[in-house]
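First comes the structure, then the notes that go with it.
The values are calculated or read from the model by the stated rules, or taken from the named source; none is laboratory data. Quantities reported herein were computed from a predicted structural model and do not represent experimental measurements. All Cβ positions, even for glycine, are placed from backbone atoms using ideal geometry, and neighbour counts span all protein chains on display.
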Amino acid sequence: MPSRIQNHLLCRLCVAILSTFCLSSAHSSTPLTEWAITATTGATNTNAPINYFTGFTASEVTSGPNLYTGSATSPAHTWNRTYTNSPNPIPYAGLQAISLGNYFAFDTVISAGWNVSVDSISNLILGKTASAATNAALYYSVDNGAIWKQAGGTATLPLQTTNQDYSAFINTGFGTNRYLTNGGVWTNGPYTTNSGLTTSPIDFDNSSSTNQLTVNWALALWGAGNGRIGFSNGGNLLTLSGNVIAIPEATTNALFCLGVLVLVIAYALIRVIIKPKES
């Protein structure tokens with residue numbers, strides 16, 4: 001029978017090998033996608049996003065159907081769209097804003113076998129005219145827009161027109177919604193409060209699927225009256241970050257198999273070098 005020393009050395013070797021295997025699969029929070037905002041008045045920011053992982057890719061940022069042609073000069077240094085009460089009324093909540101088309105949007109695609117957790121947004125720099133929307137919040141849908149849920153907190157936009165970074169509101173603030181119930185009428189749901197994106201990351205676990213998962217995102221805008229609102233341009237890098245785990249690929253499986261082989265060889269050597277005492 002193996003001695004205590006043999007068992008101890010074997011246990012330590014197991015821990016080292018398994019730790020190496022686990023660390024090879026996990027990634028700490030890091031940028032997932034970046035958009036260089038350079039548009040001015042059009043409906044789409046035509047710069048292709050920078051995608052940092054093959055298992056998480058994003059589309060261009062576009063404006064919703066109830067945001068119209070903006071101004072090249074006001075608010076200054078922005079890609080902006082006109083926010084108006086015609087033909088639809090000014091929305092007074094985030095989910096209503098999405099239903100009326102008052103939002104900026106993009107999609108992300110998570111590949112089969114990947115688990116992605118989104119935990120922050122940065123460089124959410126918005127500019128507006130004084131009378132435009134007074135609130136903004138990020139929402140997501142995993143069923144092609146049938147149900148939307150808020151990701152993080154709600155940003156309160158002041159009357160001042162200087163460009164400001166509202167990322168902290170989304171990452172660490174709070175949001176309150178009445179979610180879809182009773183046949184899809186958004187006002188029928190109970191009030192639900194959620195915490196910031198960094199406090200409560202959104203997990204998109206597609207690790208057990210053989211199909212890709214498409215996530216729709218919408219930066220909803222509501223409140224106040226007619227005006228213009230948009231993103232700071234000039235190359236501002238709007239960034240979505242998170243934690244990505246690629247479920248074992250060929251290289252990871254090979255590493256694990258190699259670790260098992262090393263474990264077997266090491267065990268055999270320990271038995272030869274440290275012979276148990278005969279009774």
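If we scan region 202-211, do we find a residue that is buried (at least 22 other Cβ atoms within 10 Å of the Cβ) and within 18 Å of LEU157 (Cα to Cα)?
no
So if I check each of ASN80, ASN66, which one is of a type outside the set (Gly, Ala, Ser), touching a helix residue (DSSP H, G or I) at 6+ places or on another chain (Cβ under 7 Å) and within 24 Å of THR40 (Cβ to Cβ)?
Sole residue among the options that is of a type outside the set (Gly, Ala, Ser), touching a helix residue (DSSP H, G or I) at 6+ places or on another chain (Cβ under 7 Å) and within 24 Å of THR40 (Cβ to Cβ): ASN66.
Any residue at all in region 73-90 that is farther than 13 Å from TRP222 by Cβ, aliphatic (A, V, I, L, M) and not in a strand (DSSP E or B)?
Among the residues of region 73-90, at least one is farther than 13 Å from TRP222 by Cβ, aliphatic (A, V, I, L, M) and not in a strand (DSSP E or B), which makes the answer yes.
Considering each residue of region 133-175, count those that are over 15 Å from GLN96 (Cα atoms) and not aliphatic (A, V, I, L, M), and give that number.
19
So SER117 clears everything in (1) crowded, with 23+ Cβ neighbours inside 10 Å; (2) modelled with pLDDT of 95 or more except one condition, right? Which one?
So the condition that SER117 fails would be (1).
What strands (runs of 3 or more DSSP E), lying completely within region 169-228, carry at least 2 residues that are modelled with pLDDT of 95 or more and over 26 Å from GLY70 (Cβ atoms)?
Hits in region 169-228: 202-205, 213-222.
Restricted to region 43-52, and to residues that are surrounded by fewer than 20 Cβ atoms within 10 Å (Cβ to Cβ) and either modelled with pLDDT of 95 or more or among the polar types (S, T, N, Q) (or both), which residue is nearest to THR129 (Cα to Cα)?
ALA43
From the list THR62, THR57, THR69, THR108, which one is among the β-branched types (Val, Ile, Thr), farther than 22 Å from TYR139 by Cβ and modelled with pLDDT of 95 or more?
Just one listed residue meets the conditions, THR69.
What are the pairs, 6+ residues apart or on separate chains, where a residue within region 64-79 that is more than 13 Å from GLY127 (Cβ to Cβ) has its Cβ under 7 Å from a residue that is surrounded by 14 or more Cβ atoms within 10 Å (Cβ to Cβ) and of a type in the set (D, E, K, R)?
What qualifies is LEU67/ARG81; TYR68/ARG81.
Pairs, please: C-beta under 6 Å, at least 6 apart or cross-chain, first residue β-branched (Val, Ile, Thr) and in region 132-149, second part of a loop (DSSP other than H, G, I, E, B)?
THR134/LEU157; THR134/GLY223; THR134/ALA224; ILE147/LEU180
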